[in-house]
Amino acid sequence: MDEIQHKFVNVGALKLHIAEIGTGPNVVVFLHGFPEIWYSWRHQMLALAGVGFRAIAPDYRGYGLSDSPPEPEKTTFTHLLNDLLQIIDALAISKVFLVGKDFGGPPAYLFSILHPERVLGVITLGVPYVPPGPSMLHKYLPEGFYILRWKEPGRAEADFGRFDAKTVVRKVYTLFSRSELPIANENQEIMDLVEPDTPLPSWFTEDDLSTYGALYEKSGFRTALQVPYRTVGDDLNLPDPVVKVPTLLIMGGKDYVFKFPGIEDLIKSEKTKELVPNLEVTFIPEGTHFVQEQFPEQLNQLILAFLAKHT
């Protein structure tokens, strides 16, 4: 891991952290999800650099080693999109591949729509493309569904605040590694869905957990709860909602995202190609929501095959 270099890019008044390795002409930018950070891409970054790619993984504003905005509660996906543009401009990179996991998927898709001349292709893990618009989750899922709970100002802060950052990450990683949607009972909080003695997933070590815990101890969860959970449904007024660049969606066969209303039908039918015409979909049958850490070698081969096809 020592080969990965760390630097900061000035974006307005904020210093945003990026991890970087490799010097090749083809650049891949990795966009993390929650409760992740640049570190979640460590296996992919090393593999890509080893075959001649330049790999870059930023921490979003308010995450990890990046500065927090002065008013985290006003952060939106538009800020993340603008940050990404300013990062690649600051690094003098003309075109990139984007790889997004979980809520890192939407910025990858949206950036390719807004700046198609800067994007060679998009790979997303765990999240198909759905155009921005009002969320319908409250119509189909109970109030104890984790996104609905975390969307409520103060609810998750009180829930998370009972534990240190490392324990929160442990609990969320455990929840999201399951195949069922995290739904709490009426008098139960989301963190209570994981018993204290629940073991970590076999592919996630105590050292990994300590790294995540230290980074979230530094950043806290204020921005992480705002983006994505309290900006779900924001309308970005896209001129055209179609993702036109080559796109690969990789899903773990046991990912709990399949249980979201309508998602399995969207992924496994041809509907999704109406808005992503150059889409390939592939599955890692035993994969959960964290395929990049659970099955890194398999995922790396899928990424490299896609990159080879489009460079």
_If I go through region 157-203 residue by residue, how many of them are farther than 24 Å from Phe258 by Cβ and either of a type in the set (Gly, Ala, Ser) or in contact with a Cys (Cβ under 6 Å, 6 or more places away or on another chain) (or both)?_
3
*Which residue, of Phe8, Phe34, is of a type outside the set (Asp, Glu) and crowded, with 21+ Cβ neighbours inside 10 Å?*
Phe34
*From the set of residues in region 165-218 that are in contact with an Asp or Glu (Cβ under 8 Å, 6 or more places away or on another chain) and part of a loop (DSSP other than H, G, I, E, B), which is most open to solvent (accessible area, probe 1.4 Å)?*
Glu186
*Among the residues of region 234-248, which ones are among the polar types (S, T, N, Q) and either open to solvent by less than 30 Å² (accessible area, probe 1.4 Å) or modelled with pLDDT of 95 or more (or both)?*
Thr247
_Exactly one of these conditions fails for Arg162: (1) in a loop (DSSP other than H, G, I, E, B); (2) among the charged types (D, E, K, R); (3) over 20 Å from the mean Cα position of the chain (by Cα); (4) surrounded by 14 or more Cβ atoms within 10 Å (Cβ to Cβ). Give me its number._
(4)
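Quick check: is even one residue across region 275-293 under 19 Å from Pro131 (Cα atoms) and in contact with a helix residue (DSSP H, G or I) (Cβ under 7 Å, 6 or more places away or on another chain)?
Yes, region 275-293 has at least one match.
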*Could you grab me the full set of residues in region 249-276 that are open to solvent by less than 30 Å² (accessible area, probe 1.4 Å) and in a loop (DSSP other than H, G, I, E, B)?*
Asp255, Val276
_Can you report the number of residues in region 46-78 which are of a type in the set (Gly, Ala, Ser), farther than 14 Å from Thr223 by Cβ and open to solvent by 10 Å² or more (accessible area, probe 1.4 Å)?_
4
*Taking Gly52, is it under 27 Å from Leu209 (Cα atoms) and of a type outside the set (Phe, Trp, Tyr)?*
no
_Let me spell it out: the conditions are (1) more than 19 Å from Phe306 (Cβ to Cβ); (2) in contact (Cβ under 8 Å) with a residue 24 or more places away in the chain, and Lys7 meets all of them except one. Which number is the exception?_
(2)
*Can you name the residue in region 104-122 that is surrounded by fewer than 20 Cβ atoms within 10 Å (Cβ to Cβ) and touching a strand residue (DSSP E or B) at 6+ places or on another chain (Cβ under 7 Å) and is also farthest from Lys273 (Cα to Cα) among such residues?*
Arg118
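Please verify whether Glu286 is of a type outside the set (Val, Ile, Thr), more than 27 Å from Lys139 (Cα to Cα) and assigned to a loop (DSSP other than H, G, I, E, B), treating the condition exactly as stated.
yes
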*Quick one: His43 ticks every box in (1) open to solvent by 10 Å² or more (accessible area, probe 1.4 Å); (2) out of contact with any Asp or Glu (no Cβ under 8 Å at 6 or more places or on another chain); (3) not acidic (Asp, Glu) bar one, so which box is it?*
(2)
*May I ask you to list the residues in region 164-181 that are among the aromatic types (Phe, Trp, Tyr) and either modelled with pLDDT under 95 or more than 15 Å from Asp208 (Cα to Cα) (or both)?*
Phe176
*If you scan region 88-103, which residues turn out to be within 18 Å of the chain's Cα centre (by Cα) and surrounded by fewer than 19 Cβ atoms within 10 Å (Cβ to Cβ)?*
none
*Being closer than 16 Å to Gly100 by Cβ and in contact with a Leu (Cβ under 6 Å, 6 or more places away or on another chain) is the filter here, so list the residues in region 217-251 that pass it.*
Thr247, Ile250
*Collect the residues in region 127-146 that are assigned to a helix (DSSP H, G or I) and open to solvent by less than 40 Å² (accessible area, probe 1.4 Å), keeping them in residue-number order.*
Leu137, Tyr146
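The values are calculated or read from the model by the stated rules, or taken from the named source; none is laboratory data. Keep in mind the model is a prediction, meaning the values are calculated, not measured. Cβ: placed from backbone, ideal geometry, glycine included. Neighbour counts: every protein chain shown. Heavy atoms of the whole protein, side chains included, go into the accessibility calculation; ligands, DNA and RNA do not. Shrake-Rupley method; radii C 1.70, N 1.55, O 1.52, S 1.80 Å.
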